[in-house]
1. Provide the FRET efficiency to the nearest 0.05 for the Lys66-Ala35 pair, computing r from the beta carbons and using R0 = 25 Å.
2. Between Glu25 and Tyr10, how many nm apart are label points set 7 Å from Cα along the C-beta direction?
3. At 222 nm, what helix-only mean residue ellipticity would the chain give, in deg cm²/dmol to the nearest 500, using -39500 (n - 2.57) for each DSSP H run of four or more?
4. Give me Glu47, Glu56 ranked fewest to most by other Cβ atoms within 10 Å of their Cβ, as a rough exposure proxy.
5. So, with +1 on the Cβ of K and R and -1 on the Cβ of D and E, and no other charges, what is the size of the charge dipole of segment 18-82 about its Cα centre, to the nearest 20 debye?
6. For Val45, Val81, which order do you get if you count the other beta carbons within 10 Å of each Cβ and list the fewest first?
7. State, to one decimal in nm², a quarter of the convex hull surface area for the C-alpha atoms of the chain, i.e. the direction-averaged projected area.
8. Which whole-percent values make up P(r) of segment 39-83 when all C-alpha to C-alpha distances are grouped in 10 Å steps starting at zero?
Amino acid sequence: MLLISTIQPYPPELLKLLKPGGFDETFWDMWGTGAFRTHEACYEVLETTYEKYFGERKYADFGSFKAARSYQRAKNRKAAVKA
């Protein structure tokens, strides 16, 4: 029998990936390290980490990630204009 008290919580860095902008923010943090030659390589490392801990991919592929990011940026710009 598994006791609730023995379950280790996910670190905040992983939980951040579940938030709408958290995956994108983490992507740019990783990209800023200079450890990746392409955006797609950086995305794949992050997506692999997400899949390892949560059992599924967050996005179908790099194109889906870019589309979601563009949509979110446009939505934020529209909200800023209204404010």
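1. After rounding to 0.05, the efficiency reads 0.80.
2. Between Glu25 and Tyr10, the simple spin-label model gives 1.5 nm.
3. Estimated from H runs of four or more residues: -19500 deg cm²/dmol.
4. With the fewest neighbours first, Glu47, Glu56 line up as Glu56, Glu47.
5. 520 debye
6. Val81, Val45
7. Taking a quarter of the hull surface, the average projection is 7.7 nm².
8. Computed distribution, short to long bins: 27, 38, 24, 11.
Every read-out reported here was derived from the displayed coordinates using simple, explicitly stated rules and does not represent laboratory data. Values in this document were obtained by computation on a predicted structure and should not be read as measured data. Reconstructed Cβ throughout: ideal geometry from the backbone, glycine too, with neighbour counts over all protein chains shown.
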